[in-house]
Amino acid sequence: MSPFFLETAIAADNYVAFTFFVGTMAMMAASVFFFFEVANTDKAWRTSVLVSGLITFIAAVHYYYMRGYNLENNTSPTFFRYVDWLLTVPLMCVEFYLITKKAGATTGLLWKLIFASVVMLVTGYFGETIDLAHSWQWGLASGIAYFYIVYLVWFGDVAKLAGATSPAVAKAVKTLAWFVLVGWAIYPIGYIQGTPGGLFGTQIDFGLPMDVIYNIGDAVNKIGFGLVIYALSRSESK
Ligand SMILES: *C/C=C(C)/C=C/C=C(C)/C=C/C1=C(C)CCCC1(C)C
């Protein structure tokens, strides 16, 4: 496969491939936006906006690859999907850390978030590829790690620290907490669609291919999450 050109046309009815294509473009556009806006951001918020751009940029590179992979093989690019998540989800944890740091967030909190997200993703990967026979058990383990993150951002240290900062930070953390609770819940739906045991012991057909569900999740969560950080950086800048 040629790495640089769209070598095969996307068939008009191949909407899985189309969502990879649109995803690539959206991630690229978002990255350009965040990178350029760093220069218009107050010093204190530049790193946060930069990290938003890194998240969508890493995703753009993976989406470009996954688009070609899916077009050529007509299968899910699961390995690269998880490589992307393993890089971008910990960076989202860094975002939570950066915006609550002024209220005293410690690197201990950062590592808790990163550790939970790695457990969530590695167990999900096992259930989706290596040990399909036990996909619901792996999914359950992944779900427990997920709910631990939900707990931290809704009721744990992240929530407590956010309450001790400016009203704008508290509001942004609340919005990001909704992303984690609702936006991230799109992914288990993809998992239930795409694995034999799902999360409840059986596969359920939601009528959308797993990759479309995951691609929607990524667009909502990576770009949306970044825009919340961007909006916060605006409201806190003069
Ligand atoms: C940019 C990518 C993001 C925000 C990916 C997030 C992924 C998840 C929250 C995945 C969660 C899963 C479960 C909670 C259970 C089933 C297995 C997973 C890995 C799909």
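No lab work stands behind these numbers, since they all come straight from the coordinates. Please read all numbers here as calculations on a predicted model, not as lab measurements. For neighbour counting, all protein chains shown are included, and Cβ atoms are generated from backbone atoms with ideal geometry for every residue, glycine included.
Of note:
- Three-way shape label, region 52-101, alpha-carbon gyration tensor, a/c 1.5: prolate
- Other residues lying with their Cβ under 10 Å from the Cβ of A59 contribute a combined charge of -1, Lys and Arg counting +1, Asp and Glu -1.
- Dipole magnitude (debye, nearest 20) for region 1-137, charges at Cβ of Lys, Arg, Asp, Glu: 600
- Contour minus Cα-Cα distance for N73 and F155 (0.36 nm per residue): 25.1 nm
- Cubic angstrom per residue, convex hull over Cα atoms of region 41-157: 102
- Nearest-0.05 FRET efficiency for I144 and D13, computed from C-beta distance (R0 30 Å): 0.15
- In a fully extended conformation the segment linking V182 and I204 would gain 6.0 nm over its present Cα-Cα distance, using 0.36 nm per residue.
- Cβ charges +1 (Lys, Arg) and -1 (Asp, Glu), total dipole of the chain, debye: 1080
- Projected onto planes of every orientation and averaged, the convex hull of the alpha-carbon atoms in region 179-238 covers 4.2 nm².
- In whole angstrom, the chain maps to an equivalent ellipsoid with semi-axes of 31, 23, 13, each derived as √(5λ) from the alpha carbon gyration tensor and ordered largest first.
- Two-site label geometry, S166 and F80: point separation in nm, points 7 Å out along Cα→Cβ: 4.0
- In plain terms, the residue of L132, L208, L176 with the fewest other Cβ atoms within 10 Å comes first and the most crowded comes last, giving L132, L208, L176.
- Distance from region 104-178 to region 43-85 (C-alpha centre basis), Å: 20
- Compared with the direct C-alpha span, the chain from W111 to A44 gains 21.9 nm at full extension, assuming 0.36 nm per residue.
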